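Heads up: the structure comes next, in structure tokens.
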Amino acid sequence: MARSRSLSTTNRWRYINPAYYLKRPKRLAFLFIAFVCLSFFVWDRQTLVREHEVEVAQLNEAVLKLQNLLEESKNVKDALGEKSKFGGEDTDASKMVGIEDPISVQRREKVKGAMLHAWTSYEKYAWGKDELQPQSKNGVDSFGGLGATLIDSLDTLYIMGLDEQFQRAREWVANSLDFNKNYDASVFETTIRVVGGLLSTFDLSGDKIFLEKATDIANRLLPAWDTTSGIPFNIINLAHGNAHNPGWTGGDSILADSGTEQLEFIALSQRTGDPKYQQKVENVILQLNKTFPSDGLLPIYINPHKGTPSYSTITFGAMGDSFYEYLLKVWIQGNRTTAVKHYREMWETSMTGLLSLVRRTTPSSFAYIAEKMGSSLSDKMDELACFAPGMIALGASGYDRDNAQKFLSLAEELAWTCYNFYQSTPTKLAGENYFFRAGQDMSVGTSWNILRPETVESLFYLWRLTGNKTYQEWGWNIFEAFEKNSRIESGYVGLKDVNTGVKDNMMQSFFLAETLKYLYLLFSPTTVIPLDEWVFNTEAHPLRIVTRQGQGVINEASDEQHKPKLHSRKQGRFGHL
Ligand code: DMJ
């Protein structure tokens, strides 16, 4: 048995012995052919696998492209949805997919991402507080505990379609917002941020809670106008209604603080049918018009008892700025009717004054708006005055052709200067103000940057009104500089110094209300918040333009006819109507 097993093993091994085949050529040939066939088969399979891999990769790429296309078309459809929510002509979606610049779509999404980051940080660290301090990760009540950032953000969240975030903010307004605060509030800041933010959100959403809250806070502010002249005191206690002016003005009221409530209070009267708000604020302009100077330039301090200007600086920057802005915008809000004709006249007078303040630098001929005290000019301009290019462009179309062109050109020149406030610093972010010296163009004065919006605001108007994409490019560069210097893990901060980039610890509420909103709109179709249907208050809260009838101030008898129809297209979007 042992022998036969050994024989059969030997037999099996003989097949791997080359000598075996050398003696049998037919078998050798067969083996060779079998080897060639097998090799061909393996090579063929491998080639097929490789080809399939290439095909799969190509298909993946195609799927990705299709996904991107789908995403883009969804964004455009969203934009169109927003358009129909916010007004503007209906447009064929497929046409829009064809014409909307994909770069704008991408940039808009980036800005929306920035808003989401700012808002999420606020929700996480400062919910319900006025402002977020991102470095120390806490909230502060810089406006008396009114949830300033939350209210300032409402319409931005709504416009950007951040619905869940909007809904949470809405619940806070409905259930936690309490104005009964023993706090001396700024009438101006409370009006532009809180009254403006709530009214705008009411106009957008149709949710009455926002109108109720706006009425509540406006009622608390109203006693501020009970002065001999009707020029308001600028500070009022929200619980007790005691009003006064800050000590540092020597008892005077501030021009911008007194002349920047008209849009909001007129809108409130239109929406409630109660004329008292409109009467108070329109009277301010009537009083100022009585002694309005021939150049339309008012000093920043006004005596609230006599209603006359006190000797002080004339400026389109801090403390003067939005007075001029509202002269134009009330005219627009009032449908350019005879009832608001005097606003346009006053504004045009002020524009002749503005022209007298325009100077040009050497060597680069940057146009700037100087400041004035008595008869002497000061070669200084605040970044705050960079709202002026947008305002001038917005008002230009109300002139005859030659003047319209002249003012539009000036607006474009000033916008170039403001853009260079940003471009001329190492961080590419603008300082708070600039000085102009012969031969040196511009140099930063106060060197902080607190995330202000004025330049991007002007770029938004200029892009809307001229269609020139250069303004989008400039806006994008500014956005990228904010991303680079101001974005931190817990929100956005200002810079203590635009030369060094050292950061501060505050996320200003206007960054969410204005800066990011104007940037978002800069990359959105023009049908989102069209300028012939909406007017922005000075805190970038869009108010819907409604029919204004009659001459001047409305009266009780005509309440009903002044109640506007605001929400027909998208009534009840959030189910609260
Ligand atoms: C905002 O509160 C308003 O734009 C106001 O008119 C001026 N200052 C800030 C933003 O810089």
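Below, the figures for the structure above:
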quantity	calculated
Karplus 3J(HN,Hα) series, Hz, for the stretch 331-340 with 6.51 cos²θ - 1.76 cosθ + 1.60 (x for Gly, Pro)	4, 5, 4, x, 6, 6, 7, 5, 4, 10
Cα gyration tensor shape of the stretch 112-205, rounded if a/c is under 1.5, else prolate or oblate by comparing a/b with b/c	oblate
Solvent exposure ordering (accessible area, 1.4 Å, most first) of LEU408, LEU543	LEU408, LEU543
Solvent exposure, largest accessible area first (probe 1.4 Å, DNA, RNA and ligands not counted), of GLU164, GLU432	GLU164, GLU432
Calculated diffusion of the stretch 276-408, Stokes-Einstein form, Kirkwood radius summed over Cα pairs, 4 °C and 1.567 mPa s, µm²/s	83 µm²/s
TYR125 accessible area, 1.4 Å probe, all protein chains in place, Å² to nearest 10	50 Å²
Prolate/oblate/rounded label for the stretch 234-333 (Cα gyration tensor, a/c 1.5)	oblate
For VAL358, solvent-accessible area (1.4 Å; no DNA, RNA or ligand), Å²	20 Å²
Table column - 3J(HN,Hα) (Hz), the stretch 99-106, Karplus curve with 6.51, -1.76, 1.60, x for Gly and Pro	9, 6, 5, x, 5, 4, 4, 4
Per-residue SASA entry for TYR301, accessible area with 1.4 Å probe, Å² rounded to 10	40 Å²
The stretch 188-280: C-alpha gyration tensor shape, a/c 1.5 cut-off, then a/b vs b/c	prolate
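The values are calculated or read from the model by the stated rules, or taken from the named source; none is laboratory data. Quick caveat: nothing in here was measured; it's all calculated off a predicted structure. Side chains included, ligands, DNA and RNA excluded: accessible areas come from the protein's heavy atoms. Shrake-Rupley method; radii C 1.70, N 1.55, O 1.52, S 1.80 Å.
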